[in-house]
1. Quick check on my filter: what residues within the stretch 350-393 are within 20 Å of residue 37 (Cα to Cα) and aliphatic (A, V, I, L, M)?
2. Restricting the search to the stretch 234-262, which residues are part of a loop (DSSP other than H, G, I, E, B) and open to solvent by less than 10 Å² (accessible area, probe 1.4 Å)?
3. Being assigned to a helix (DSSP H, G or I) and hydroxyl-bearing (Ser, Thr, Tyr) is the filter here; which residues of the stretch 85-144 pass it?
4. Under the condition of being of a type in the set (Ser, Thr, Tyr) and open to solvent by 10 Å² or more (accessible area, probe 1.4 Å), which residue from the stretch 274-332 is nearest to residue 151 (Cα to Cα)?
5. Quick one: is residue 365 in contact (Cβ under 8 Å) with a residue 40 or more places away in the chain and more than 23 Å from residue 208 (Cα to Cα)?
6. Let me confirm something: among 348, 364, 370, which residue is open to solvent by 30 Å² or more (accessible area, probe 1.4 Å), touching a His at 6+ places or on another chain (Cβ under 7 Å) and under 24 Å from residue 204 (Cα atoms)?
7. What is the number of the single condition among (1) without any contact (Cβ under 8 Å) to a residue 40 or more places away in the chain; (2) in contact with a Lys or Arg (Cβ under 6 Å, 6 or more places away or on another chain); (3) not charged (D, E, K, R) that residue 251 does not meet?
8. In the stretch 397-405, is there at least one residue being touching a strand residue (DSSP E or B) at 6+ places or on another chain (Cβ under 8 Å), open to solvent by less than 10 Å² (accessible area, probe 1.4 Å), at pLDDT 95 or above and in a loop (DSSP other than H, G, I, E, B)?
Amino acid sequence: MRRLTPVLALGALLLTALPAHAGDGPAHRESYGTKAPYAPLQYPRGYQRPPAGFVPVLTENVSRHGSRAATDSEDGDLILALWDKAEAEGQLTGRGEEFGPKVRALEAAMAKVGHGGLSGRGRRELADTAVRLERRLPSLFAKIADDGEKIDVVSSGQGRAVDSGTEFTNALAEADPDLKPLIGPARVDKDLLYFHKAAGGAAYRDYIANDQRLKDTLKGITDQPRTRAVAHGVLRRIFKEPFVAGITDQVGAARAVYDLYAIAPAMSEESPDGDGWGMERYLSRTDAAWFGYLSDAEDFYEKGPGFSDSDITYRMAGVLLDDLFAQVEAKRAGTSDLGAELRFTHAEEIIPLAALMGLPGSTEPATPGEPYTYADNPWRGASVAPLGANIQWDVFRKGDRYLVRMLYNEKETAFKAGCRPIAGGSAFYDLDELERCFGRS
């Protein structure tokens, strides 16, 4: 059995992501939406053992890139312009006086990382996930090394996804140097891992751009009195009342503050003390939760289960589900020399795939005319597709029989309703059963 280096072994035992900040907790985490940093959901030694005689022959994943910087400086530019004006007019609160310098430091750190680029935390998330994978299936990776099987690496081609693949495979190679020559050159497949922008996403893009029901629903959710009240409260933590009263778009300004709050945990390693930026000082928990809900509502309708009478948001993810099955089927047919298939992508792919597969939290669409709310729907961006989110299939063989186990954010997860495991409570499913259940046989 191959052994990890001491540093990687330590990383493999981490059960939670690095702390976002001193006050982080479940309430805060949910308010980050899909910008919540990654945390594995199951203790590594708690996985079920495969049935007697079954040995691992393949593992494959679909992983979102890790924590990153904001994709541009728009939020910082907007709020700093207001802050500079308020400072000149003596209209900052005591708390607001420290806000501007913090935002400037955060914006400088994100510019140094590169807008949209992986942060230090994001690189750690991917490396640690890779190490836990190697430790979960040591006999598989020993077999890959001994038999010279291939490890295929494919991404959307976007920088943060490419870099995520690099961090992941570098950690694998450090954990077991014998794997390094077997890791293929990373390739790009936009049709598979950037399908929302590829040919297969044409109808989806038309929906986003032109569907009036979508626009009306999201406008109705956002344009509530509570949104205006929350926005005013957020701005009053930073600016004095006369200045806030003069801000034409208070909701837009407050959302910029929220967006900086939401991205700050992803940049924790770049903060001066390495523990966070203290952005939670500028939104109460309830105000952050409200803006988190508005962000989740947008993602729910634009990428997730959406309306109950339409599958436009997730139908296009079929190409990715097909590929998950194709890799297992090729292994069974004896036409594949792969030991691992590693894919790196984005929230725009993970969220619809979760809905298509009926993963926990993604099974309930919204009835038209009854808007999505936290009270009546379990969908939460922080759970469905946090930064670094992943879906993994481990494949086991005994003779001519193949079993599949699914992990969702590293937690053993049942396949959708109607799929029967090999026994009650088992995490293992016969491949033939999954093909029946998903209509492939």
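1. If the condition is that a residue be within 20 Å of residue 37 (Cα to Cα) and aliphatic (A, V, I, L, M), then 350, 351, 353, 354, 359, 382, 384, 385, 387, 389, 391 are the ones that fit.
2. Matches in the stretch 234-262: 238 only.
3. 129, 139, listed by residue number.
4. It comes out as 314.
5. When the stated conditions are applied, residue 365 does not pass them.
6. None of the other options fit; the residue is 348.
7. Unmet for residue 251, out of (1) without any contact (Cβ under 8 Å) to a residue 40 or more places away in the chain; (2) in contact with a Lys or Arg (Cβ under 6 Å, 6 or more places away or on another chain); (3) not charged (D, E, K, R): (2).
8. no
The values are calculated or read from the model by the stated rules, or taken from the named source; none is laboratory data. Quantities reported herein were computed from a predicted structural model and do not represent experimental measurements. Heads up, the Cβs are rebuilt from the backbone with ideal geometry, glycines too, and the neighbour counts pull from every protein chain shown. The area values use the complete protein model at the heavy-atom level, side chains included, leaving out ligands, DNA and RNA. Shrake-Rupley method; radii C 1.70, N 1.55, O 1.52, S 1.80 Å.
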